[in-house]
């Protein structure tokens, strides 16, 4: 059989472009959630500024919480799932928050620290996670 007719073996990890698309979608959702929370709070109780940090924590919990229970909207759209690197199971809450913390710290610079082993980005390495395609678990 000619090598040009062979199917390329499917990697358990998604294309980098799919990860970027998911991140953009989830970033927009996070910003909309934060904007909505702060706007609603300003309408209901604008004189209580001490609640605003709590609203920030709630808004920034979108991605970690959804990764623990299934996936974010962006990950669902492109078919990605975050899993524990060692077990292949859903990440713990700690791993999900740690991953998101480093994702926020590095931002788009995380693409500079791309690891070829399972196509992991730096925040996945720090948190002990890996992003896989939906059918991979």
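The values are calculated or read from the model by the stated rules, or taken from the named source; none is laboratory data. Since this is a predicted model, take the numbers as computed values, not measurements. Reconstructed Cβ throughout: ideal geometry from the backbone, glycine too, with neighbour counts over all protein chains shown.
Scan region 89-124 for residues that are at pLDDT 90 or above and farther than 18 Å from residue 27 by Cβ and jot them down.
Answer for region 89-124, where residues must be at pLDDT 90 or above and farther than 18 Å from residue 27 by Cβ: 89, 90, 91, 92, 93, 94, 95, 98.
In region 73-90, what count of residues is obtained for those that are assigned to a strand (DSSP E or B) and surrounded by 19 or more Cβ atoms within 10 Å (Cβ to Cβ)?
Total satisfying the criteria: 4.
Of all residues in region 47-72 being touching a helix residue (DSSP H, G or I) at 6+ places or on another chain (Cβ under 9 Å) and part of a loop (DSSP other than H, G, I, E, B), which is nearest to residue 90 (Cα to Cα)?
Applying the filter and picking the extreme gives 70.
What are the residue pairs meeting all of these: first residue in region 26-51, first residue touching a residue at least 40 places away in the same chain (Cβ under 8 Å), second residue surrounded by 11 or more Cβ atoms within 10 Å (Cβ to Cβ), Cβ atoms under 6 Å, and 6 or more apart or on different chains?
What qualifies is 26/63; 26/72; 26/74; 29/73.
Just checking, how many residues over region 23-41 are surrounded by fewer than 12 Cβ atoms within 10 Å (Cβ to Cβ) and either modelled with pLDDT under 85 or closer than 18 Å to residue 99 by Cβ (or both)?
Adding up the residues that qualify gives 1.
Return yes when residue 9 is closer than 25 Å to residue 119 by Cβ, more than 23 Å from the chain's Cα centre (by Cα) and modelled with pLDDT under 80 and no when it is not.
Spelling it out, residue 9 is indeed closer than 25 Å to residue 119 by Cβ, more than 23 Å from the chain's Cα centre (by Cα) and modelled with pLDDT under 80.
Residue check: is residue 4 modelled with pLDDT under 85, under 30 Å from residue 115 (Cα atoms) and in a helix (DSSP H, G or I)?
yes
In region 91-114, is there at least one residue being outside any helix (DSSP H, G or I), in contact (Cβ under 8 Å) with a residue 24 or more places away in the chain, at negative phi and surrounded by 19 or more Cβ atoms within 10 Å (Cβ to Cβ)?
The answer is yes, given that some residue of region 91-114 is outside any helix (DSSP H, G or I), in contact (Cβ under 8 Å) with a residue 24 or more places away in the chain, at negative phi and surrounded by 19 or more Cβ atoms within 10 Å (Cβ to Cβ).
Only residues that are buried (at least 16 other Cβ atoms within 10 Å of the Cβ) and part of a loop (DSSP other than H, G, I, E, B): list them for region 115-137, please.
The answer is 121, 128.
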